[in-house]
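Each remark here refers to the structure printed beneath this line.
The values are calculated or read from the model by the stated rules, or taken from the named source; none is laboratory data. Treat the numbers as computed from the prediction; the structure is a model and nothing was measured. Quick reminder, even Gly has a Cβ in these numbers, built from the backbone with ideal geometry, and neighbours come from all protein chains shown. Each accessible area value is taken on the protein alone, full model and side chains, heavy atoms only, with ligands, DNA and RNA left out. Shrake-Rupley method; radii C 1.70, N 1.55, O 1.52, S 1.80 Å.
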Amino acid sequence: MASDMVDLFLISGFLGSGKTSFLNNLLESGERSRTGIIINEFGSAGVDGKLLAGYDLPILEINNGSIFCACLKGGFVRSLAAFLSQPIDRLFVEASGLADPSSMEKMLEETEPFIRKRYRTERRYRYRGSICIVDALRFRKLSGTMTAMNSQIQKSNLLVLNKIDRVSENEADQVCLRLKELNPDAEIVRTTYARVSADVIARTLRGAEKNAAESSNTCENRIFSGVFDLDGKYPPEKMERFLRTVCAGSLRIKGFFRGTDGPVHEVNGVGDELEIKEVSGAVPGAMVLVYISAHREDETESIRAAWKAVFGTNCPFERD
């Protein structure tokens with residue numbers, strides 16, 4: 001029988017830092033009994049949910065913005081209410097990489113009366129804290145310009161410094177010093193592939209919220225993003241050439257496409273770094289690529305022109 005209390009954990013981290021890898025590692029280590037997951041994607045199409053679909057867990061995706069923005073907050077509250085009817089004892093909420101978290105405790109407190117009355121349940125959430133995944137390789141480059149990333153760090157209880165194998169020990173030390181300046185009370189764990197033991201999480205997350213404040217996410221300050229609907233088959237070498245052309249102006253490119261060679265390929269692009277690899281096993285859902293720009297200006301025409309130059313066909317891209 002499910003407990004009356006459901007532990008809620010918030011996972012934040014900038015685009016491509018390793019949030020989904022962090023969740024995958026926890027689930028692979030056996031930490032998936034009676035667990036639910038909410039995934040918040042900035043783009044209109046979900047990708048991360050497909051990467052977690054093999055665990056047979058209740059997973060809900062909230063796309064096209066930040067759950068802390070007024071435009072999606074109502075849907076987030078309804079999702080929280082829906083999970084209380086599920087046989088779970090804990091819920092992980094993976095926020096969008098561009099999310100500026102507001103007070104999760106305040107949100108839960110304000111919505112509890114509504115949930116009890118509307119959904120006729122006595123179950124409620126117990127907020128355990130926020131885990132922020134930090135990309136050691138890109139942090140210093142982005143910290144001065146990406147307000148949301150710094151806010152994620154300041155409002156977290158546990159900071160996971162990921163990808164330390166990609167930087168020198170001195171560079172990792174410098175990043176840690178800056179993290180301590182932003183959040184002197186948070187514990188910092190250095191790791192690769194976002195691996196953190198459940199014991200560390202249990203020890204560091206005790207429910208105390210850090211630096212609660214309103215979110216800066218609004219519909220007005222949204223950056224440019226869009227989706228490629230890839231229902232055909234594409235030569236992997238051409239797809240790589242095209243993606244390397246457009247990734248220089250992006251923060252994130254991720255998704256799947258089916259190659260003319262047969263297999264499905266996964267695309268994982270962070271800034272000017274791009275990885276394309278074959279996927280073993282079935283990938284559920286449509287073949288899509290999500291593109292998130294580093295700018296607010298409309299890039300549709302330049303993206304379509306780059307596609308035409310490589311493939312010689314009309315580009316299957318639509319902005320969000």
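Annotation for region 72-123: trypsin sites (Lys or Arg not before Pro) lying in DSSP loop with at most 11 further Cβ atoms inside 10 Å of their Cβ are R120. Could you give the angle, 0 to 90 degrees to the nearest 10, between helix 19-28's Cα long axis and the longest principal axis of the Cα atoms of the chain? The helix 19-28 is inclined about 70 degrees to the chain. Taking the C-alpha atoms only, the angle from helix 104-119 to the longest principal axis of the chain is near 80 degrees.
Only one residue of V264, I133, Y291 has its Cα farthest out toward the positive end of the dipole of the chain, where Lys and Arg carry +1 and Asp and Glu -1 on Cβ, and that residue is I133.
Accessible area per residue for region 90-168, computed on protein heavy atoms with a 1.4 Å probe, is 42 Å². Each principal axis of the Cα cloud of the chain was evaluated for its coordinate range; sorted largest first, these ranges are 58, 48, 39 Å. For the chain, DSSP calls about 45 percent of its internal beta bridges antiparallel. Remark: spin-label model distance S33-R120 equals 3.2 nm, labels positioned 7 Å along the Cα→Cβ axis.
Relative contact order for the chain: 20 percent, from Cα pairs under 8 Å spaced at least 6 residues apart, divided by residue count. Take the cross-link list K106/K155; K141/K163; K73/K254 and give me the ones stretching past 19 Å between alpha-carbons. Listed pairs above 19 Å: K73/K254. Taking 7 Å steps out from each Cα toward its Cβ at R203 and S85 produces label points 4.1 nm apart. For the chain, the mean residue ellipticity at 222 nm estimated from helices alone is -9500 deg cm²/dmol, where every DSSP H run of n ≥ 4 contributes -39500 (n - 2.57) and the total is divided by all residues, rounded to the nearest 500. Each label point was placed 7 Å from the Cα along the Cα-to-Cβ direction; for D173 and T300 their separation is 5.1 nm.
Against the chain, whose longest principal axis is taken from its Cα atoms, helix 300-311 shows a tilt of about 50°.
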